[in-house]
Amino acid sequence: MSSITRKVVLIGTGMVGMSFAYAALNQSICDELVLIDLNEVRARGEAMDLNHGLAFSNSSMKIYFGDYGDCSNADIVVICAGVNQKEGETRLELLQRNTKVFEAIVPRVVSAGFEGIFLVATNPVDIMTRVTYELSGFNAAKVIGTGTTLDTARLRYLLGEYFEIDPRHMHAYVIGEHGDSEFVPWSQAIMAVKPVYAVLEKYPQRYKTEDLDKIADEVRTAAYSIIKAKGSTYYGIGMAICRIVRAIFHNENSVFTTSVRLRGEYGLKKEVFIGNPCIINSNGANRILELKLTDDELEKFRRSYEILDENFCSIEF
Ligand code: NAD
């Protein structure tokens, strides 16, 4: 991260992209924000709308509708572009169509001379991150997916309610695929200074394993519940993207369960992108933190990893 002006290019100005953009403006996380979308009319309109809010913000951010040439000196390219699942369409067919979308995006970003960090939110996010890695030829540290960052935030919020403690002191993570095979490695969950299992053991009348299972289920199915209620999810993920961008710009060394490329961790040899705690700083995914999983947790992680690999391998490039 060498530039003085912090520049982000957002590709995909739909609900997720614009939730990120709105949060970015309110939190003043960059100096320049460029909006790109296949639907140019919409992207122009979104830029106008955001600019009209500038006077009420603490930001002097430059926001404009742009093109791929704008990626040349950008620090971060955030990708939220994609197509939605059609009725009767399989997950794999959706994956194939979103790969086509990325084939139309990633090579153009690279050709513009972009040398920064890709941050991907499009679903299925772990696989789309790997697609970005393959299409860009970038170092894996420079290609990050939002992974289970949002799921982890949902988990910490629910655990905070359950244990009546500030969620920032709940150190628990959702790992694996951002999807049905994700899970919580409870053996690693810590309430402030005590392992959650130790808290359960000490207060068996008050805290129960079944409650933890319910919380993990609620996290896993949260997106389905929100989609049922309001069509799609966007604010939470928009803020998660914003948080990761901030960690990159501020060289924070903060830990997020982003989608990152494994290379031998957990004894797994294939180069799969998957949600796992990772230190994020201005170099991107700086260091993957390998957890000490129980045999059962390792089996769940391996299952998630295999699902992601199989799906990726079935894509026709
Ligand atoms: P949306 O339909 O509102 O927006 C998608 C945008 O992508 C549209 O504006 C469309 O014009 C644009 N687009 C399509 N093809 C393009 C191309 N070739 N070039 C440029 N732009 C293109 O969808 P949304 O609700 O904003 O969701 C976006 C993605 O984010 C989806 O894949 C969704 O599943 C995903 N999502 C991820 C998470 C997460 O945790 N990672 C959470 C919620 C949603």
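The values are calculated or read from the model by the stated rules, or taken from the named source; none is laboratory data. As the structure is a computational prediction, the values presented were derived from the model and not from experiment. All Cβ positions, even for glycine, are placed from backbone atoms using ideal geometry, and neighbour counts span all protein chains on display.
Observations
- Within the range 25-114, strands (runs of 3 or more DSSP E) holding 3 or more residues that are within 15 Å of the ligand (Cβ to nearest atom) and modelled with pLDDT of 95 or more: 32-36, 76-79
- Candidates ASN51, ASN58: the one that is among the polar types (S, T, N, Q), in contact with a strand residue (DSSP E or B) (Cβ under 8 Å, 6 or more places away or on another chain) and farther than 26 Å from LYS230 by Cβ is ASN51.
- Inter-residue pairs, beta-carbon under 6 Å, first farther than 14 Å from THR5 by Cα and in the range 73-89, second at pLDDT below 95, 6+ apart: VAL83/ARG97; GLN85/LEU94
- Scanning the range 15-41 for residues that are under 16 Å from ILE105 (Cβ atoms) and surrounded by fewer than 19 Cβ atoms within 10 Å (Cβ to Cβ) yields LEU38, ASN39, GLU40.
- Cross-chain or 6+ apart pairs with Cβ under 7 Å, the range 192-218 first and touching a residue at least 60 places away in the same chain (Cβ under 8 Å), then assigned to a helix (DSSP H, G or I) and among the hydroxyl-bearing types (Ser, Thr, Tyr): ILE215/TYR162
- In the range 220-248, the qualifying residues are those that are aromatic (Phe, Trp, Tyr) and in a helix (DSSP H, G or I), and the one that is farthest from the ligand (Cβ to nearest atom) is TYR224.
- Only one of the numbered conditions (1) closer than 28 Å to ILE280 by Cβ; (2) crowded, with 19+ Cβ neighbours inside 10 Å; (3) not basic (Lys, Arg) is not met by ASN58, and that is (2).
- Flag if PHE118 is among the aromatic types (Phe, Trp, Tyr) and in a strand (DSSP E or B): yes
- First in the range 122-138 and part of a helix (DSSP H, G or I), second anywhere and hydroxyl-bearing (Ser, Thr, Tyr) and within 15 Å of the ligand (Cβ to nearest atom), Cβ under 6 Å, 6 or more apart: VAL125/THR146; VAL125/SER259; ASP126/SER259; MET128/THR122; THR129/SER259; VAL131/THR99
- Count - residues of the range 151-207 that are in a loop (DSSP other than H, G, I, E, B) and surrounded by fewer than 16 Cβ atoms within 10 Å (Cβ to Cβ): 10
- If you go through the range 134-150 and keep only what is away from the ligand (no atom under 13 Å from the Cβ) and crowded, with 24+ Cβ neighbours inside 10 Å, you end up with just VAL143.
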